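The block underneath contains the structure these notes are about, expressed in C-alpha cells.
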Amino acid sequence: MLDESKTRKGEPSSVEGYDASDEVSVIFKDFFPDPSAFGDWQMGFRHSYIDGSRRLERAVLDDPEDLDRRVLIDICETQSFAQAKNVVEMMLKNNTQPSRYFRWGRDGSFITVTDDTAPTFSRLEIAGNLALHITSFGRSDVDVSTITDSINTRLEVDFSNSHSFEPIKIPKPLPYSRRKLRLKFSATPSLPKGGFVKFIATGGELRLKGPDLLIYTHKTGEAEIHARIIGPDGEQSPISIWME
Amino acid sequence: MRVEEIRFNNYLHCGNFDAINTEQDLLRFRPPGDERAAGKTQLSAVYAKSASNNEITIKVSFSGGPSDQRRRIGAIVPRLEEGLCDAPIGDSHVHSSEPMDVLGSVCERDVAFDCNGLSAPQEFRLPVHHLRGVGVGRYLQHWRWRFKDQSNVWNDFDETYHTIYVTMGVPTLPWSQQITGDDSENLRLPWINAMGVACRWARGATTEEEVAAMITQAVNAHPRLVYDSDPKFLFGDKFLLSCFIDQIEGNRAFRVNCEDCASVVVTLANLLGCDLSEGKIGAAGDFYTNRVLTIGQQDSASNWITTKFKYHEVAWLHDIGLDKYVYDACLRVDMNYDDASKDPLPKLPVAMRFSPCAIGGYAKALIRIDELFHLAKKSLRRELL
C-alpha cells in the first residue's frame, strides 16, 4: 500500500492550521506528451483503450539507432486523483519484484517508482487525475528520466503567466457543508490536435465525469477554477466553463 | 457473371453447420451507407473441427446473370499444378505453400436471377470438406466458379480466394460467440488477427493438449520476448491483446512477465477451443525458486538463476489445483533441481502436473524445497482490451 501519512494535493487534511480552501485540485483531459519531447525517438505504436471510466493512452517509443532501446508510455486518464492513485496502487500490486522503491515527488502530488541507487529505468507517477507509467520496454534498460522530465514540464504548465483568462468562482457554501456542482465546459474553437485541457481548482476537488466536470467544494471559503487549453506548442487559450 | 458475396457464417447462433462468429460478422450490422457494410466477397472464415461431423453450407450471391432466368452453378477446386502463387488474399501471412482445399468443391445447384441479373443469396452445400482430417491451421481455399450452359457444358466465370482458419473447437472464455450492440462485449468475438497468430503457432495440432503445448512452446521460444518483472500487457484485470499482437508482428524485442505469458497462452489457446485459465502461485511474503531460465535467455549456465517471486502466474488446464496441469511459457525449470552440483536439465513446463509432493512435479521443480506457497483460490480468464 502507498504511504498515506503525507498530505496530498486535492485531498482533505487534518493538519492543524491547514486551510482547505488553499488546496489545489488538478484535472487533465486528453493529455498526451508532445512528440518533440521524445527527441529522435520514433513512436512505434500508439493506441487508446477505454475501460469503463478510464482511458489508457499507450505508446511505444523506439530508438532509431538501437533496436534494443525501447520505452513504453502508459497514460491513464481517470475521473479523479483518487482513481489515479488506485491505478498506481494496482500497478504496484502487479509488480512481482519487491526490490523496487517508490517515493513522493517534490510537491507531494507525484509518486515515483524508481531505484534510488541507479538510473531511472521505470517511473510511476500521479499527476492530478492521470496515472503515468514510463518504463524500459526493449532488451536494454533505458534511463527514462529525460522523457519523464519532459512530460512533467508539459503537465506543470504555469497559469500564472497568463492573467487574461478569468477564473470561474464558486460562491462560499453554507458553513459545515460541502457542495457538489456540475459544470459544463467547451473548447472554442475545438481542442487542437495534440492539445489538452488542464483544470486547476482551489477550494474544492475536481472530478471528470464523461463530458462534465464536477467540483466537490470544501466546507469553507469559495472555490475558484482556472482552465486552459494547452496547444501542441504549449500555447494557452481559454476554455468556457459554466455551472449547469 | 460474377460472385457478388460469399457468406461462410449464416447461422449466427451456432457454428455447427457453418463458420463460427468472428469480429467480421459485426460488419453485417453496420448501418446502410457505411462502406464497411458493402457486400464484398468475404475473404476469411473460421471453422471449428468439433463441428466437422456435420455438413457445411455457405451462401453465395451473384450478379451479371441472365434476366429472369435460372442457371446451374457450382465451384471446383483448381488442380494444384495450376499454381496459386498470386492468390490475391489480403493477408500477408498466407503463402502458396499453405495447405489448400480444406472445404472441397461447392456442390452445384440452380440459381434464379431477377430482371437485373442479380440473385438472392443461395445456400450451397460443401459435402466433401476435410475439416475432420486436418489439423489446426490456416488454409488457402481457391474456388473456380462455373455455370452450365444450354448445351450442358460447364463455363468458368469467376474465381475466389479465401483464408480458412481451422480451430479445435468453438472459442471459449474470454472469447464469446455473442453478438450484441455493446462494443465492449463485441471485443470478445474472435479477432481474425489473433486467429492468425494462434493458428500459426499451433499449426497441425489435432488435440486441445497439443494446441496448448504448441502455443506455450511458441511463446517461450519467441526470439523477441524478454523477461521483465512487471506486466507490460495488463491494465487492471484486462489483457491488452491488440498491443501484444502489434509487438509480436514487429521486429524489435519487448518485455513480458509471467502474467503476460500466461495471458497470451490462455487467450490464444482458448481462441482455438481449449479450456485454459490463468492462476497465481503465491506466498505469504516472497518465495525463492530453484534454478530457472527465464524467457528470452540463452540456455547457458550463467543464465540459470534462483530468484525471488512475490507470486508467479501460469496457465492451467481447466482450473487451478494441486493435481492440475500447468503450462508455463515464462520460464524453463531445472529437472536436476535436487542436485545443484549437476548442470541444469531444462524442461519447459507443458502439461506438467503441479504436484507439490511428487518427484518430477512442477511445484518441486520450481519452488525451493523449504519455501511455503499457496495457490490462488480462483483462476481467471482475463477479459480483452
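The values are calculated or read from the model by the stated rules, or taken from the named source; none is laboratory data. Small disclaimer: the values here were computed from a predicted structure and weren't measured. All Cβ positions, glycine included, derive from the backbone under ideal geometry; neighbour counts span all protein chains shown.
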**OP:** Only residues in the stretch A:144-157 that are in contact (Cβ under 8 Å) with a residue 40 or more places away in the chain count as the first member; pair them with residues that are of a type in the set (S, T, N, Q), Cβ under 6 angstrom, at least 6 apart or cross-chain, and list the lot.
**Re:** A:V144/A:T120
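Here is a yes/no grid of residues against (1) within 11 Å of chain B (Cβ to nearest Cβ); (2) more than 14 Å from A:A131 (Cα to Cα):
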position	(1), (2)
A:F45	yes, yes
A:S53	no, no
A:E65	no, yes
A:D74	yes, no
Subject >> Odd one out for A:E65 among (1) more than 23 Å from A:G39 (Cα to Cα); (2) part of a loop (DSSP other than H, G, I, E, B) >> reply: (1)
Subject >> Filtered residue count, the stretch B:293-313, keeping only those that are crowded, with 16+ Cβ neighbours inside 10 Å, aliphatic (A, V, I, L, M) and away from chain A (no Cβ under 13 Å) >> reply: 1
Subject >> Answer residue from the stretch A:172-210, given it is at pLDDT 80 or above and over 21 Å from the mean Cα position of the chain (by Cα) and is surrounded by the fewest Cβ atoms within 10 Å (Cβ to Cβ) among those >> reply: A:K180
Original post:
Quick one: would you say B:S242 is within 16 Å of A:M91 (Cβ to Cβ), facing chain A (nearest Cβ under 10 Å) and polar (S, T, N, Q)?
Top reply: no
**OP:** Could you tell me whether any residue of the stretch B:336-345 is under 18 Å from B:W316 (Cβ atoms), surrounded by 12 or more Cβ atoms within 10 Å (Cβ to Cβ), touching a strand residue (DSSP E or B) at 6+ places or on another chain (Cβ under 8 Å) and of a type in the set (A, V, I, L, M, F, W, C)?
**Re:** no
**OP:** For A:S150, indicate whether it is surrounded by fewer than 21 Cβ atoms within 10 Å (Cβ to Cβ) and at pLDDT 85 or above.
**Re:** yes
**OP:** State whether the residues of the stretch B:115-130 include one that is surrounded by 19 or more Cβ atoms within 10 Å (Cβ to Cβ), of a type in the set (A, V, I, L, M, F, W, C) and closer than 30 Å to B:V211 by Cα.
**Re:** yes
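Looking for something within 19 Å of B:Y327 (Cα to Cα) and among the β-branched types (V, I, T) - is there at least one such residue anywhere in the stretch B:176-199?
yes
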**OP:** Within the stretch B:272-279, identify whether any single residue is within 12 Å of chain A (Cβ to nearest Cβ) and more than 17 Å from the chain's Cα centre (by Cα), and answer yes or no.
**Re:** no
Subject >> Single residue of B:S277, B:S341, B:S302 found to be closer than 22 Å to B:W175 by Cβ and of a type in the set (S, T, N, Q) >> reply: B:S277
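Among B:V226, B:V256, which is closer than 29 Å to A:D68 by Cβ, of a type outside the set (D, E, K, R) and buried (at least 23 other Cβ atoms within 10 Å of the Cβ)? Show your work before the answer.
Working: B:V226 fails: buried (at least 23 other Cβ atoms within 10 Å of the Cβ).
Step by step, each of B:V226, B:V256 is checked, and only B:V256 is closer than 29 Å to A:D68 by Cβ, of a type outside the set (D, E, K, R) and buried (at least 23 other Cβ atoms within 10 Å of the Cβ).
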Subject >> Only listed residue being surrounded by fewer than 19 Cβ atoms within 10 Å (Cβ to Cβ), within 22 Å of B:L317 (Cβ to Cβ) and either of a type outside the set (A, V, I, L, M) or in contact with a Leu (Cβ under 8 Å, 6 or more places away or on another chain) (or both), chosen from B:D237, B:D246 >> reply: B:D237
Subject >> Top-ranked residue in the stretch A:76-94 [being under 27 Å from A:G138 (Cβ atoms) and without any contact (Cβ under 8 Å) to a residue 12 or more places away in the chain; ranked as farthest from the other protein chains (Cβ to nearest Cβ)] >> reply: A:K93
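Return the residue satisfying two criteria in turn: it lies in the stretch B:179-232 and is of a type in the set (V, I, T) and more than 27 Å from B:L131 (Cα to Cα), and of such residues it is farthest from the other protein chains (Cβ to nearest Cβ).
Once the filter is applied, the top-ranked residue is B:T180.
Take the conditions among the hydroxyl-bearing types (S, T, Y), in a helix (DSSP H, G or I) and touching a residue at least 60 places away in the same chain (Cβ under 8 Å) and apply them to B:S263. Does it pass?
Working: among the hydroxyl-bearing types (S, T, Y): yes; in a helix (DSSP H, G or I): yes; touching a residue at least 60 places away in the same chain (Cβ under 8 Å): yes.
Taking the combined requirement at face value, the residue satisfies it.
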**OP:** Restrict the check to the stretch B:169-178 and report whether at least one residue is modelled with pLDDT of 95 or more and more than 26 Å from B:G204 (Cα to Cα).
**Re:** no
